[in-house]
Protein chains: 2
Amino acid sequence: MTPAHSAPERIVVVGFGPVAARFVDELRPAAAAGVAEVTVIGDEEQPAYNRVLVADLGVGRTALASMRLADPDDLASHGIRAVLGTHVARIDRSRRLVHTAEGGPFPYDRLVLATGARAAIPNLTGLNPDPLHPVLPHGVTALRDLADAERLSAAVRGRKRIVVLGGGVLGLEAALAASEEGATVTVVHHGARPLGRQIDPGGGATLAAVLRAGGLRLAPNARATGIETDDDGAFRALLLEDGSAIDGDLLVLACGARPRRELAEGAGLGTDAGILVDHRLAALHTEHVFAIGDCAEVRCADATCEECARGDGPSGLIAPGWRQADWLAASFRSRLLGEPAPAPLPEERPGVILLKARGVNLALAGNVQREPWESVAWDADDGGRSPIDVSLWADPAHGRYVKMCTRKGVLEGFIALGMPRAAAELTLLFGSGAELPADRSVLLRLDGPESSLGAPGSSAGPESTLCRCAGVSRGTVQEAVLGGCSTVEEVSKSTRAGTGCGGCRDSVRELIEQHFAVAAA
Amino acid sequence: MTPAHSAPERIVVVGFGPVAARFVDELRPAAAAGVAEVTVIGDEEQPAYNRVLVADLGVGRTALASMRLADPDDLASHGIRAVLGTHVARIDRSRRLVHTAEGGPFPYDRLVLATGARAAIPNLTGLNPDPLHPVLPHGVTALRDLADAERLSAAVRGRKRIVVLGGGVLGLEAALAASEEGATVTVVHHGARPLGRQIDPGGGATLAAVLRAGGLRLAPNARATGIETDDDGAFRALLLEDGSAIDGDLLVLACGARPRRELAEGAGLGTDAGILVDHRLAALHTEHVFAIGDCAEVRCADATCEECARGDGPSGLIAPGWRQADWLAASFRSRLLGEPAPAPLPEERPGVILLKARGVNLALAGNVQREPWESVAWDADDGGRSPIDVSLWADPAHGRYVKMCTRKGVLEGFIALGMPRAAAELTLLFGSGAELPADRSVLLRLDGPESSLGAPGSSAGPESTLCRCAGVSRGTVQEAVLGGCSTVEEVSKSTRAGTGCGGCRDSVRELIEQHFAVAAA
């Protein structure tokens, strides 16, 4: 069944988002060597772009050109075919064919599903209830594709009133950006505070105050029940359970995303929240089919696997998807080109949530619900484990809040609001699992007047990760700067740092400035 | 009626505690000049000693010689007579006579009452209910005089079980000292945490954990109803309202103090909590009678006086009493010797509570009940005033807790636990009313590994107060060290610094060491 060495292996990738783009990028050596024939099929007319920046595009902060993650001509020159604007209708596993509405079929030896996710559409009176084919009324938009960005852009340019439904990171980022660009923005969310159960009450209260001070209106403890439309069927107000209504010109739905798994379901593959794959990213109980990125859910067939028992579905973050793309491409190259097999994919640590805007800098990860005095009051051993210690710095009048939850000195969760350097350092420490200094207040000093990046007490050595999305180390960026890159864009192009959420772009800029300051001195 | 210049003014001081000792000390120039004839009458056989150190004496940490605040022979050589072991029975204001049980009477031109306070005896079944003449059962003691110290000492030497009733500073200090010296100590207190309403819930919880870690047993939320005695009538157990009992060999009553005002009441002077005096420390509605220290309550006859409306009775702290003694003596000297009149006594700021022991360092002052998020949540203007901002550092696993409550950047209250330098700095800032740095976390840096006293960011200049009890500046102590004082005792003798609560003795030692380190370098 394995193709003869003379015939190239036909690899078909369904979906052409950031993860698919990374995967085919990493397959270039195999395509160039003639051992693989790679086809990537996207249903948008655009090749892959960075979805994380759709809100930035909508408010005019970035241009589509800066968001692009793939160039079909360049791919074609390496023997990789990109098929755009093409909807995959069905997969025939027995014949190994991908059928599209427009034509085809595309035969494959290996099929990689990178279908991603779509915006979750809440169940509101007046919205189309079919989640697979939402037809949203005029004046209602999600924030996932370029058409969404254009809708947001029109509202911001017109300085309209925007209602954002959802107090998660995506909603807050869009709201902050739109507000800064002149729109009047109300964020409507469940619970007493934005970020809901991801943040703790004190951090949430401080964040809410910072957001309000930054010009956002917040509508907490709100349950939306429907929308009110004008005579033309366009959005006019969001209706709440308590009978009140919030007027607006554009409703932005920021209620999370759902994996696109219907294609896999139609092909009889196992799914739960996403398409089920094992630790080698292979779909369960079948052959030749793989899934990566937002559509994939790692849950192997071994019922005793602790890692899978702990897992809670696709993360929705870009970095784990890119790690999967890298790994799967490396495993393909290993088979096709004889490269060494990649080490098993490590278990994903919980992601770090970053929220950056003018006047807002938040990093948040892990479990932060415990309060400082709980561990003291109940000196319980938590099932034989050491207790969780909590250190807290709260200065809400200055918008600062740092919480560190540690077990044996190692972070299990943290919040850093209004202290960018502490945020960066804690993000590093959370990622590395290194022990914190016994005097936790050392972390607060990083944001002091006399500190600078790489200050004493910082663990930001060259080995440390600078861009978490793309997995690029500080040293790699420094080498790129030494090698002549003098703008963030050049560094991004050369190293991929900064191509994900963009949260590390300030650090990249700082390294460039440091280099030129030293060079000039 | 004023005595002729040829006849010295007869000044009689009733009571010979620390405040009386300070007062007669400051009258030496008048006595030496022959314009005053000073008599001080104490009912103890001992001349004045520092009551604050009674618990330290009881656990063997200090000797009586180090506690003495007066030397009758020395006073006599300056023309001041000390009458010891003499109980004043009655004051005849019309004839200006002080009658004693043992003899007399002592005629006066000016009478100064410095009768101090006595331990409050709680209303417990099995204790003598007469508060003026308590006869406590064997195995029960207060902590005010040398006999009390001896009872504590016997229990500590015998490594007995000690039950301390009362969770205030006095009780905690005694408990910590006795525990460190080997006794088994339980502190029984009202409310969920020691220090009750003086501390906030988070600080109280952290303090409780620190105290427990230091070996103390705490019995919170306890209401004592009586004591159980053995066949000889000696204390055996403290009985609680919930029916439980705490066994012990010695019960230490640390339930506060009550001003001794019965002499004044018998003389028809106005009293409330203490003996009422005006802002010149003169008893109300009479002439020639004054009161200072723990027995005095400043509440003038002017019903519209805001300062008196704010006051809440005698503070029970040594520093305000010493300031009164200084001021009254200066006003007497002004009249008798023609010295310039002293400036009016400033209003007492709320006192700073200090609790120092091995592993425990707490400073606490003002109102600390507000929580960081309250000022954010309720941005109320508090009757036209600026809101109170609260900054908080909580690291209970390391026994650290710092809370700063500010209005317009000036401290209204603070807690510093486990961070001695932050405690010292906040005590200074609280006393001076200076504005805090905008970045409050600067205060936490003082306790960092690289800091030292007088580090950048500290306001501990030579003008700053080092000994709050005796009102001695840092510069005065530095001059004494430069002048040859090489031990804390020599500095205390020369400057009075460290003669009160002793909380500044570490700072004095540090200045001495700094001097000799520099001198040796």
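The values are calculated or read from the model by the stated rules, or taken from the named source; none is laboratory data. Remember, predicted model here, so these are calculated numbers, not experimental data. For neighbour counting, all protein chains shown are included, and Cβ atoms are generated from backbone atoms with ideal geometry for every residue, glycine included. Calculation scope for accessible area: heavy atoms of the full protein, side chains included, ligands and nucleic acids excluded. Shrake-Rupley method; radii C 1.70, N 1.55, O 1.52, S 1.80 Å.
Among the residues in the stretch B:401-408, are any touching a Ser or Thr at 6+ places or on another chain (Cβ under 8 Å), surrounded by fewer than 23 Cβ atoms within 10 Å (Cβ to Cβ) and part of a loop (DSSP other than H, G, I, E, B)? The answer is yes, given that some residue of the stretch B:401-408 is touching a Ser or Thr at 6+ places or on another chain (Cβ under 8 Å), surrounded by fewer than 23 Cβ atoms within 10 Å (Cβ to Cβ) and part of a loop (DSSP other than H, G, I, E, B). Kindly evaluate B:Ala205 against the criterion of being aliphatic (A, V, I, L, M), closer than 28 Å to A:Leu392 by Cβ and touching a residue at least 40 places away in the same chain (Cβ under 8 Å). Answer is yes for this residue.
Suppose the filter is at pLDDT 90 or above, more than 13 Å from chain A (Cβ to nearest Cβ), open to solvent by less than 10 Å² (accessible area, probe 1.4 Å) and touching a strand residue (DSSP E or B) at 6+ places or on another chain (Cβ under 9 Å); does B:Gly413 pass it? Yes, satisfied.
Every test in (1) open to solvent by 10 Å² or more (accessible area, probe 1.4 Å); (2) free of Cβ contacts under 8 Å to residues at least 60 places away in the same chain is passed by B:Leu146 save one, and that test is (2).
Rundown of residues vs (1) at pLDDT 85 or above; (2) not assigned by TED's automatic domain parsing to the domain that holds A:Trp393, yes/no style:
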residue: A:Glu425; (1), (2): yes, no
residue: A:Ala434; (1), (2): yes, no
residue: A:Gln478; (1), (2): yes, yes
residue: A:Val481; (1), (2): yes, yes
residue: A:Val491; (1), (2): yes, yes
residue: A:Thr495; (1), (2): yes, yes
residue: A:Gly500; (1), (2): no, yes
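Screening B:Arg61 on (1) open to solvent by less than 50 Å² (accessible area, probe 1.4 Å); (2) assigned to a loop (DSSP other than H, G, I, E, B); (3) closer than 23 Å to B:Val156 by Cα shows it passes everything except condition (1). All of (1) over 23 Å from A:Gly256 (Cα atoms); (2) in a loop (DSSP other than H, G, I, E, B) hold for A:Ala222 with one exception: (1). Residues that are without any contact (Cβ under 8 Å) to a residue 24 or more places away in the chain, charged (D, E, K, R) and closer than 30 Å to B:Phe23 by Cβ within the stretch B:230-284 comprise B:Glu265, B:Asp278, listed in sequence order. Can you find a residue in the stretch A:417-429 that is open to solvent by less than 30 Å² (accessible area, probe 1.4 Å) and within 7 Å of chain B (Cβ to nearest Cβ)? No, the conditions are met nowhere in the stretch A:417-429.
Condition check for B:Glu339 on (1) part of a loop (DSSP other than H, G, I, E, B); (2) at pLDDT below 85; (3) of a type in the set (D, E, K, R): one failure, at (2).
Test A:Ser375 against the criterion of being within 14 Å of chain B (Cβ to nearest Cβ), modelled with pLDDT under 85, open to solvent by less than 60 Å² (accessible area, probe 1.4 Å) and touching a strand residue (DSSP E or B) at 6+ places or on another chain (Cβ under 6 Å), and give yes or no.
On the way: within 14 Å of chain B (Cβ to nearest Cβ): yes; modelled with pLDDT under 85: yes; open to solvent by less than 60 Å² (accessible area, probe 1.4 Å): yes; touching a strand residue (DSSP E or B) at 6+ places or on another chain (Cβ under 6 Å): yes.
So A:Ser375 passes the test.
Evaluation of A:Arg193 against the conditions (1) away from chain B (no Cβ under 13 Å); (2) open to solvent by 10 Å² or more (accessible area, probe 1.4 Å) shows that the sole unmet condition is (1).
Yes or no, residue by residue, for (1) assigned by TED's automatic domain parsing to the domain that holds B:Gln369; (2) touching a strand residue (DSSP E or B) at 6+ places or on another chain (Cβ under 9 Å); (3) among the hydrophobic types (A, V, I, L, M, F, W, C):
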{"position": "B:Leu146", "(1), (2), (3)": "no, yes, yes"}
{"position": "B:Val163", "(1), (2), (3)": "no, yes, yes"}
{"position": "B:Ala177", "(1), (2), (3)": "no, yes, yes"}
{"position": "B:Thr184", "(1), (2), (3)": "no, yes, no"}
{"position": "B:Ala192", "(1), (2), (3)": "no, no, yes"}
{"position": "B:Val210", "(1), (2), (3)": "no, yes, yes"}
{"position": "B:Ala222", "(1), (2), (3)": "no, yes, yes"}
{"position": "B:Ile227", "(1), (2), (3)": "no, yes, yes"}
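For the stretch B:176-188, a tally of residues being modelled with pLDDT of 95 or more and either open to solvent by less than 10 Å² (accessible area, probe 1.4 Å) or closer than 13 Å to B:Asp56 by Cβ (or both) returns 3. In the stretch A:105-115, is there at least one residue being modelled with pLDDT under 95 and in contact with a strand residue (DSSP E or B) (Cβ under 7 Å, 6 or more places away or on another chain)? Yes, the stretch A:105-115 contains at least one residue that is modelled with pLDDT under 95 and in contact with a strand residue (DSSP E or B) (Cβ under 7 Å, 6 or more places away or on another chain). Close contacts from the stretch A:395-406, counting a first residue that is more than 9 Å from every other protein chain (Cβ to nearest Cβ) and a second that is hydroxyl-bearing (Ser, Thr, Tyr) and part of a helix (DSSP H, G or I), with Cβ to Cβ under 8 Å and a gap of 6+ residues or different chains, come to A:Gly399/A:Thr206.
Just one of the numbered conditions (1) in contact with a Gly (Cβ under 8 Å, 6 or more places away or on another chain); (2) buried (at least 24 other Cβ atoms within 10 Å of the Cβ) is not true of B:Ala30: (1). Among the conditions (1) buried (at least 18 other Cβ atoms within 10 Å of the Cβ); (2) of a type in the set (S, T, N, Q); (3) outside any loop (DSSP other than H, G, I, E, B); (4) out of contact with any Lys or Arg (no Cβ under 6 Å at 6 or more places or on another chain), A:Ser66 misses just one, which is (1). Only one of the listed residues (A:Arg151, A:Arg96, A:Arg68) is charged (D, E, K, R) and not assigned by TED's automatic domain parsing to the domain that holds A:Ala325. That residue is A:Arg151. Return the residues of the stretch B:149-175 that are over 22 Å from the mean Cα position of the chain (by Cα), buried (at least 23 other Cβ atoms within 10 Å of the Cβ) and among the small types (Gly, Ala, Ser); say none if nothing qualifies. Correct list: B:Ala155 only.
Taken over the stretch B:299-348, the residue count meeting the criterion of being among the β-branched types (Val, Ile, Thr) and in contact (Cβ under 8 Å) with a residue 24 or more places away in the chain is 1. Taking the stretch B:92-120 as the range and being open to solvent by 40 Å² or more (accessible area, probe 1.4 Å) and either part of a strand (DSSP E or B) or touching a residue at least 60 places away in the same chain (Cβ under 8 Å) (or both) as the test, the residues that pass are B:Arg93, B:Arg96, B:His99, B:Pro107, B:Arg110.
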